[in-house]
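What follows is a set of notes on a single structure, which appears directly below.
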Amino acid sequence: MNLRNFLKYTLFRDTTFGGEFRELQRLAGPDCPKSFVDVGASNGFYMSNSFPFIARGWHALLIEPHPVTFEKTKKLHEGKPNVVCLNVACADTDGQRPLYFAKNNPNSSHSTLCTDDSPRLREMRSEQYALVQVRRLDGILAEHNIPHEFGILSVDAEFMDYEVLLGLDLGKWRPRVIVTEDYPPKDPQKNDYLQKHGYRHESQLNVNAFWVRQ
């Protein structure tokens, strides 16, 4: 952890990568329901959008498919009554799919369900994989009694954010703020899907797009 990140954590319990915590706070507002759903939670700490809110007492559902990374998340939040950790992947249909590991670090969270044939993915995606359980997000939210109008949904599913959103009935569940990671080949469809369900693109931090319920 460099000095800047150390100070961010020490002063504000901010573990986000590039200021996402402040932006999420601003967009959510002071009366936001204190519930956070984090799809692609990684290790639950470094570059985590959800950790700063958990540190402030929010309830959180953390979803991470990579088995090694998930164990770190589970250990970090063990014993916290306001946090539930699930070792599953999310997409538009239930079932099993191969989770392809990253070439440079198979145990990192940069694993993906995405099978797109692109230079970027060929560079990062190895042929090693593990079969993982895949669930629609709306089924998970129903099982865990997540309120229909909850606070924040953060999606970082390594090129699969659009499919994660397709697996959520946005006519039923209405998070106040949604943050997703952009992926140009799917961004037009993702943006259209969110706009059709009453969300406005409010701001951008690097590849992270912030959407607010209108």
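Bear in mind that the values in this text are calculations on the coordinates, not laboratory data. Remember, predicted model here, so these are calculated numbers, not experimental data. Neighbour counts run over all protein chains shown; Cβ positions are idealised from the backbone, glycine included.
One table, with the values for the structure above:
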quantity: Sequence-separation-based contact order of segment 18-120, relative, with Cα cut under 8 Å and 6+ spacing, percent; calculated: 22 percent
quantity: Inter-label distance for TYR129 and GLU78, nm, one decimal - labels placed 7 Å from Cα along Cα-to-Cβ; calculated: 3.2 nm
quantity: Surface/4 of the Cα convex hull for segment 15-102, nm²; calculated: 6.7 nm²
quantity: Helical mean residue ellipticity (222 nm; -39500 (n - 2.57) per DSSP H run of 4+; nearest 500) of the chain; calculated: -7500 deg cm²/dmol
quantity: Selection from ASN104, LEU61, LEU141, by position along the positive dipole direction of the chain (Cβ); calculated: LEU61
quantity: Fraction of antiparallel bridges per DSSP, the chain only, in percent to nearest 5; calculated: 50 percent
quantity: For segment 84-170: span of alpha carbons on each principal axis (Å, largest first); calculated: 39, 21, 20
quantity: Paramagnetic reach from VAL68 in segment 31-53 [backbone N under 15 Å; point 7 Å along Cα→Cβ]; calculated: 42-43
quantity: Rough spin-label spacing in nm, given labels placed 7 Å along Cα→Cβ, for ASN104 and GLU202; calculated: 3.3 nm
quantity: Sorted by Cβ density within 10 Å, fewest first, the residues LYS80, LYS196, LYS34; calculated: LYS196, LYS80, LYS34
quantity: Binned Cα-Cα distance frequencies in segment 131-214 - 10 Å width, integer %; calculated: 17, 55, 26, 2
quantity: Options ALA89, LEU165, GLN25, ranked by Cα towards positive dipole end of the chain, top entry (Cβ charges); calculated: GLN25
quantity: Solvent-free Debye scattering, log10 I(q)/I(0), computed from the Cα coordinates of the chain at q = 0.13, 0.18 Å⁻¹; calculated: -0.70, -1.44
quantity: Size of electric dipole in the chain: Cβ of Lys, Arg +1 and of Asp, Glu -1, about Cα centre, debye, nearest 20; calculated: 600 debye
quantity: Gyration tensor verdict on segment 64-117 (Cα atoms; rounded if a/c is under 1.5, prolate if a/b is larger than b/c, oblate otherwise); calculated: oblate
quantity: All lysines inside 17 Å of LYS172 as judged from Cα atoms, apart from same-chain residues fewer than 8 positions distant; calculated: LYS196
quantity: Over the chain, relative contact order from alpha-carbon pairs under 8 Å, at least 6 apart, %; calculated: 18 percent
quantity: Segment 118-214: relative contact order as a whole-number percent, Cα under 8 Å and 6+ apart; calculated: 24 percent
